Amino acid sequence: MNRKKVTMESIAKELGLSRITVSKALRGLPGMSLETRRAVLALADKTGYLTKERKESELFDHTSLMSLQPRRFMMVLQDKQPSFSNIHMELIKGLNERYQESNYQVSPIFMNPAVSKEPAAFQEWVEQNGINYSDGIFIPPMMPPDLEELLLKLPVHRILFNFPPIGANVDSVIWDVYDSVRQAVRLLILKGHRNILYIGDITSARGFRLRWLAFCETMAEYGLAVDPVSHLTASFDGSEQWQQQFQHLLHRNKPTAILSAIEHNLPWVYYFCGQAGMRIPDDCSLVSLDIAESPPTPGLSYYRMPIRETGYRAADRMIWRIANPGLPYEHIRLQCRYIEGTSIRGAPAKITPPK
């Protein structure tokens, strides 16, 4: 087949299919067997046929975006979400900054989580917002599992800002907190610390559970047992009980190092260490995960989570997915960058009491 004359009609003729079937296969739409879809995609690749989406993807990668057709994307957020934070804002900024030279736009749309309990209410919300007529949606982290599951089933292109659930048919882009926690634990251990206090919710989100798993696995690799009771693993709510537990662990365990695994706990770490008379880093070293580009407190050693850069990468991935609907899904992790400060010192030497 002459590459210059390849069309959907010529592909359909060679495979004995209708033009509509070929068009659906190239756009990732249902209506055919898996074998038929693979045959269409294989012949298109072999002959160099480019759909308009693939042409657009190549333009997006290599040239100015001004010539691209308008596209409308959405990012779903929970209505009145207590955890709506700088992370969500940075993701939206990253997406729109990447698309700023194009005719693309990402708009936040808000959803009451209660609609996920009623199929009719969820479908009404989808229709009211025209989601099925959009070019794609972005699903942020900290989404309730039942709501996330519904969004993942929508018949539009989707990018997940999270570690994907088991078997999820979706592309995902996320900052790699698992690797960061492993690096942080190793760093503290190599500095001589064995009594490390972990502070952070370990249940309410997949990313939080992975941070805790990384902590436990890395400690175990160095022969150090982890008892959850000896760590502050409850979700932070500012309650007196949470504060009392923190103070109790500081006085009882007397850690030589603290790993603050969730950024919004950091001010409390400094406050309660000060209340307990523990100076950082003289009495207790500290390492944290954070989203700030510069240290949130002077001298803090931390792993910076590249939130906005994750938005950039997800923006590219959405265009790639539109151009390549039949290719396997991919899960992309961006490595966090270590910012060295002065909040980590070697563990104090043990003093042997006189006989």
remark   = Going residue by residue through the range 187-195, the Karplus relation 6.51 cos²θ - 1.76 cosθ + 1.60 with θ = phi - 60° gives ³J(HN,Hα) values, rounded to whole Hz and with x marking Gly or Pro, of 4, 5, 5, 5, 8, x, 7, 10, 9
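Roughly to the nearest percent, how much of the accessible area of the chain is carbon and sulfur, given a 1.4 Å probe? Write down the numbers at each step before the final one.
Numbers: 9430 of 18120 Å².
Result for the chain: 52 percent of the exposed heavy-atom area is carbon or sulfur.
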key: Size-normalised alpha-carbon gyration radius of the range 159-256, reference 2.2 N^0.38 Å   = 1.21
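Contact order normalised by length for the range 244-318, with contacts defined as Cα pairs under 8 Å and 6 or more residues apart; what percent is it? Present the calculation step by step, with values, prior to reporting the outcome.
Details: 69 pairs, mean separation 19.6, N = 75.
It comes to 26 percent, rounded to a whole number.
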remark   = Relative contact order in percent for the range 64-174 (Cα pairs under 8 Å, 6+ apart) equals 27 percent
ask   = Counting only heavy atoms of protein chains, what accessible area per residue, in Å², does the range 72-135 have with a probe of 1.4 Å?
value = 54 Å²
key: FRET efficiency for A42 and Y271, using Cβ-Cβ distance with R0 set to 56 Å, rounded to 0.05   = 0.35
message = Which of P306, P296, P328 ends up with the largest GNM mean-square fluctuation for the chain, with Cα atoms connected below 10 Å?
response = P328
note = Between E293 and S107, the two model label points (7 Å from Cα along the beta-carbon direction) sit apart by a distance in nm of 2.8 nm
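What FRET efficiency comes out for the pair Y329/W242, r = Cβ-Cβ distance, R0 = 45 Å, nearest 0.05?
Values: r = 38 Å, r/R0 = 0.85.
Once rounded, the FRET efficiency stands at 0.70.
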task = Pop a pseudo-label 7 angstrom from the Cα along the beta-carbon direction at both A120 and L213 and give the gap in nm to one decimal.
result = 3.9 nm
query = By average Cβ neighbour count within 10 Å, what is the ranking of 309-315, 186-192, 166-172 from highest down?
reply = 309-315, 186-192, 166-172
inquiry  = What are the ³J(HN,Hα) couplings of the range 271-278, residue after residue, when phi is run through the Karplus curve with 6.51, -1.76, 1.60 and θ = phi - 60°? Round to Hz, x for glycine and proline.
reply    = 5, 6, 5, x, 4, 7, x, 9
Sparsely packed chymotrypsin sites (Phe, Trp or Tyr not before Pro) within the range 187-296, loop by DSSP, other Cβ within 10 Å at most 14 = Y222
query = Once label points are set 7 Å from the Cα along Cα→Cβ at both Q69 and R252, what is their separation, rounded to one decimal in nm?
reply = 6.3 nm
Relative contact order, percent, the chain [alpha-carbon distance under 8 Å, six or more residues apart] = 19 percent
ask   = What is the sum of charges around S260, taking Lys and Arg as +1, Asp and Glu as -1, for the other residues whose C-beta is under 15 Å from the C-beta of S260?
value = -1
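Per residue, how much accessible surface does the range 202-355 expose to a 1.4 Å probe? Answer in Å², no decimals. Mind showing how you got there, number by number?
Details: 7880 Å² over 154 residues.
Per residue, the range 202-355 has an accessible area of 51 Å².
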request  = Mind listing the long-range amide H neighbours of M111? Cut-off is under 5 Å, sequence gap 5 or more, other chains count too, H placed in the peptide plane at 1.01 Å from N.
outcome  = L77, Q78, D79
key: L190-N86 FRET efficiency (beta carbon distance; Förster radius 35 Å; 0.05 resolution)   = 0.65
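Please work out how much length the chain gains when fully extended from K13 to E127, using 0.36 nm per residue of separation minus the C-alpha to C-alpha distance, in nm with one decimal.
37.3 nm
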ask   = Antiparallel DSSP bridges in the chain: what percent, to the nearest 5?
value = 10 percent
task = Would you pull out the residues with amide H under 5 Å of Y303's amide H, same chain only if 5 or more places away, H placed 1.01 Å from N?
result = S288, L289, D290, I339
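The values are calculated or read from the model by the stated rules, or taken from the named source; none is laboratory data. Keep in mind the model is a prediction, meaning the values are calculated, not measured. A quick note on method: Cβ atoms are made from the backbone with ideal geometry, for glycine too, and the neighbour counts reach across all protein chains shown. All accessible areas refer to the heavy atoms of the entire protein, side chains included, with ligands and DNA or RNA removed. Shrake-Rupley method; radii C 1.70, N 1.55, O 1.52, S 1.80 Å.
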